[in-house]
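Student: Pasting a structure below so you can have a look.
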Amino acid sequence: MPTADATGVRSAYRSVCERIAGACARAGRDPSGVRLVAVTKTFPPERIRELLVCGHGLIGENRVQEALAKMEALGPGPIWHLVGHLQTNKARQAVGRFELIHGVDSERLGREIERRAAGAGLRQALLIQANLSREPTKFGVAEDRVLPLLELLTGLEHVDVRGLMTIPPPVEQAELSRPWFAGLRRLRDRCAERLGRPLPELSMGMTDDFEVAVEEGATLVRIGRALFGER
Ligand SMILES: *Cc1c(COP(=O)(O)O)cnc(C)c1O
């Protein structure tokens, strides 16, 4: 699905939206409950603009510096999500600039976001990244550490924990990601019950497996290559 020009992005965007709608129909879900985060890392602002003119305004980046440069280039309009891992020493720059920070995976980072958000007089929305497959190289907290981290972070005044995020191990077929996505949904359900508080967002699914993620309850799908072509 390489997209060489603006026409390419437009038709790729339409196709991704249709595939999300199809997955919603199969799962009996309302498509308005799934938001597409267009992941634009490595692609220049001109390519992002091609998507903005299609009427899509939710953009995801995985590096703070790259995101801030693109925010500057594109000006007001888009809503930005930080989808990748955030280093604690970058929290100051990230807080208040992103509608949602997807990859929070430690008490230390959570407390730093709280401190910076308090200093800026705002409340920062975030997701906790769960590493369900326990791959050692991956960011994210192990399943049994998710509830304790949630309990801690939901007690802070300037962070708003909205839900969970995961990146399953790479697989040959999308269907093989299904157990991880279903697992994240069940973990979310258990945690919400224990906390006595809703955790509405599930960030899961990328180019190779987003339809399965939607069938399993994703509310945010993070998609790059299906829109812009290979990086
Ligand atoms: C790059 C990236 C994506 C998008 O991946 P594609 O395979 O291009 O759809 C999603 N989530 C995160 C955290 C990423 O870094």
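Student: Would you point out which residue out of Arg134, Arg92 is free of Cβ contacts under 8 Å to residues at least 40 places away in the same chain and at positive phi?
Tutor: Arg134
Student: For residues in the stretch 156-170 being open to solvent by 40 Å² or more (accessible area, probe 1.4 Å) and modelled with pLDDT of 95 or more, which is farthest from the ligand (Cβ to nearest atom)? I'd like the intermediate steps shown before the answer.
Tutor: Narrowing the stretch 156-170 to residues open to solvent by 40 Å² or more (accessible area, probe 1.4 Å): 157-158, 162, 167, 170.
Still in the running and modelled with pLDDT of 95 or more: 157-158, 162, 167.
Details: Glu157: 27, His158: 24, Arg162: 16, Ile167: 6 Å.
The residue in question is Glu157.
Student: Determine whether Arg231 is within 13 Å of the ligand (Cβ to nearest atom) and either open to solvent by 20 Å² or more (accessible area, probe 1.4 Å) or closer than 24 Å to Ser15 by Cα (or both).
Tutor: yes
Student: Residue check, Val214 against (1) surrounded by fewer than 16 Cβ atoms within 10 Å (Cβ to Cβ); (2) at pLDDT 95 or above; (3) touching a Gly at 6+ places or on another chain (Cβ under 8 Å); (4) not hydroxyl-bearing (Ser, Thr, Tyr), all met but one. Which one?
Tutor: Here Val214 meets the rest and fails (1).
Student: I need every pair where a residue in the stretch 218-231 that is within 12 Å of Met206 (Cβ to Cβ) has its Cβ under 6 Å from the Cβ of a residue that is at pLDDT below 95 and more than 9 Å from the ligand (Cβ to nearest atom), sequence separation at least 6 or different chains.
Tutor: Listed by first residue and then by second, the contacts come to Ala226/Met1.
Student: I've got another one for you. So which helices (runs of 4 or more DSSP H) stay within the stretch 155-231 end to end and still have 3 or more residues that are in contact with a Pro (Cβ under 8 Å, 6 or more places away or on another chain)?
Tutor: In the stretch 155-231, 178-195 are the helices (runs of 4 or more DSSP H) which contain 3 or more residues that are in contact with a Pro (Cβ under 8 Å, 6 or more places away or on another chain).
The values are calculated or read from the model by the stated rules, or taken from the named source; none is laboratory data. Fair warning: this is a prediction, and the values are worked out from it, not measured in the lab. Reconstructed Cβ throughout: ideal geometry from the backbone, glycine too, with neighbour counts over all protein chains shown. Side chains included, ligands, DNA and RNA excluded: accessible areas come from the protein's heavy atoms. Shrake-Rupley method; radii C 1.70, N 1.55, O 1.52, S 1.80 Å.
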